[in-house]
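Read the structure below first, then the notes.
The values are calculated or read from the model by the stated rules, or taken from the named source; none is laboratory data. Note that this is a predicted model, so its numbers are computed, not measured. Please note: Cβ atoms are built from the backbone with ideal geometry, for glycine as well, and neighbour counts cover all protein chains shown.
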Amino acid sequence: MKATAVAPSNIAFIKYWGKINSDLRLPYNSSISMNLSGVYSTTTVEFSQTLKNDEISLIGGVFSTAEKSRITNQLNLVREKAKTSLKAKVVTQNNFPKSAGIASSASGFAALTVAAAEALNLKLPESELTILARLGSGSASRSIPDGFVEWLAGDNSRSSYAYSIHQPEYWDITDLIILVSERTKKISSTAGMDKAATSPLWEKRLADLPQKISEMKSAISAKNFELFGSILEEEALNMHAVMQSQTPALNYWTDETKKIMELIRDIRRDGNNVYFTIDAGPNVHVIMESVDLELVKNRLMANGFKPDAMIVNRPARGARLITEHLF
Ligand code: PMV
């Protein structure tokens, strides 16, 4: 009745922005990501007859009431599958501070789903775990399979699942996250993406995505880093252009974000294949072939960025069970 799972956060190469069905969290488009070795959540879940309510806590932080009820909803989905009404104790730990501005919903809901399913002895296939995780947080579906992952949009809940395109060892690339301090309170991705269709750029984005997804997959299959990087960067800018032209406008960038984007373009003009992408926050993910890590770090440090605000990530495995529990 007790299980613990670790799940990585992931960075989207092709972004999920906009839901065609909010209740089922069905996205308008398929998305592609890579699991990150340096940022992850660990969650222990124990179901017990002695509990009257779910007891949910975060080591090194506090969950808001809204976050707790989202976690309870996720437990309800798993309970429904196992046909039980037993309450659970849930303890989570992120290896990054809440204040870092790194979204924990992908790693958190992936770890919660895998741990809760195992604690109730549900032997679910991976695709079904990704569907359950999706219902908690869309991007969490991509944190369950290993390495490089595609989440298929699908046209109903059954067909909207994630699977591994390539194992982590497939490609030796690095995602260097540069932590940028947030000045304004972040609008959640859930609230933000509900307004995606108000952008005048929205229809064009949707129409272009199928072709972009197939080019991105071909670039990864051919290990053509330059092509991959240019699609990656264009895609991030496209999603942020949609965000910034939504009503109300949504801007996740700070001056520091823009400074890093410029610096990456400079490094590229000097002949290095280095690209950036950004999710729903101000942090910049610098993507490179791993041999270029020292060069990129040195350029960033020479421009005033501190090594303790950088997190090095390699492609990582997806969610997995571990035997060491948090309580
Ligand atoms: O799954 P959510 O609600 O955390 O949304 C993720 C949205 C983006 O990070 C902006 C894009 C993505 O595909 O991860």
Notebook entry, point to check: Is at least one residue of the stretch 87-97 surrounded by fewer than 19 Cβ atoms within 10 Å (Cβ to Cβ), modelled with pLDDT under 95, more than 15 Å from the chain's Cα centre (by Cα) and not polar (S, T, N, Q)?
Noted result: yes
Next item on the list: Could you give me the residue pairs with C-beta distances under 7 Å whose first residue belongs to the stretch 195-215 and is in contact (Cβ under 8 Å) with a residue 40 or more places away in the chain, whose second residue is of a type in the set (Gly, Ala, Ser) and part of a helix (DSSP H, G or I) wherever it lies, and which are 6+ apart or on separate chains?
Entry: Leu201/Ala241; Trp202/Ala196
Check: Going through the stretch 15-41 one residue at a time, which ones are more than 18 Å from Gln74 (Cβ to Cβ), surrounded by fewer than 23 Cβ atoms within 10 Å (Cβ to Cβ) and within 14 Å of the ligand (Cβ to nearest atom)?
Finding: Gly18, Tyr28, Asn29, Ser30
Item checked: Within the stretch 144-191, considering residues that are at pLDDT below 95 and either of a type in the set (Lys, Arg) or in a helix (DSSP H, G or I) (or both), the one nearest to the ligand (Cβ to nearest atom) -> Ser189
Notebook entry, point to check: What is the number of the single condition among (1) without any contact (Cβ under 8 Å) to a residue 40 or more places away in the chain; (2) surrounded by 14 or more Cβ atoms within 10 Å (Cβ to Cβ); (3) within 25 Å of Phe148 (Cα to Cα); (4) away from the ligand (no atom under 16 Å from the Cβ) that Glu294 does not meet?
Noted result: (2)
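Looking at the stretch 140-152, can you tell me whether even one residue there is more than 18 Å from the chain's Cα centre (by Cα) and closer than 26 Å to Thr72 by Cβ?
To start, the set of residues in the stretch 140-152 that are more than 18 Å from the chain's Cα centre (by Cα) comprises none.
Checked the stretch 140-152: no residue is more than 18 Å from the chain's Cα centre (by Cα) and closer than 26 Å to Thr72 by Cβ.
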Check: Do we have any residue at all in the stretch 269-286 that's over 19 Å from Asn35 (Cβ atoms), modelled with pLDDT under 95 and surrounded by 20 or more Cβ atoms within 10 Å (Cβ to Cβ)?
Finding: yes
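Can you tell me which residues in the stretch 240-275 are within 15 Å of the ligand (Cβ to nearest atom) and farther than 20 Å from Leu201 by Cβ?
Taking the stretch 240-275 first, the residues within 15 Å of the ligand (Cβ to nearest atom) are 240-244, 246, 250-253, 257.
Result: no residue meets the conditions.
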Notebook entry, point to check: Mind checking whether some residue in the stretch 154-176 is under 25 Å from Ala66 (Cβ atoms) and touching a Leu at 6+ places or on another chain (Cβ under 7 Å)?
Noted result: yes
Checklist line | Members of the stretch 279-327 found to be closer than 29 Å to Val45 by Cβ, part of a loop (DSSP other than H, G, I, E, B) and hydrophobic (A, V, I, L, M, F, W, C), listed by number | finding: Ala280, Ala316, Ala319, Leu326, Phe327
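Considering each of Lys212, Lys204, Lys223 in turn, give the residue that is outside any helix (DSSP H, G or I) and either surrounded by 15 or more Cβ atoms within 10 Å (Cβ to Cβ) or away from the ligand (no atom under 16 Å from the Cβ) (or both).
On the way: Lys212 fails: outside any helix (DSSP H, G or I); Lys204 fails: outside any helix (DSSP H, G or I).
None of the other options fit; the residue is Lys223.
Gly138: more than 15 Å from the ligand (Cβ to nearest atom), at pLDDT 95 or above, within 20 Å of Ile11 (Cβ to Cβ) and touching a strand residue (DSSP E or B) at 6+ places or on another chain (Cβ under 8 Å), yes or no? Explain how you work it out, then say what you get.
Numbers: more than 15 Å from the ligand (Cβ to nearest atom): no; at pLDDT 95 or above: yes; within 20 Å of Ile11 (Cβ to Cβ): yes; touching a strand residue (DSSP E or B) at 6+ places or on another chain (Cβ under 8 Å): yes.
So Gly138 does not fit the description; no.
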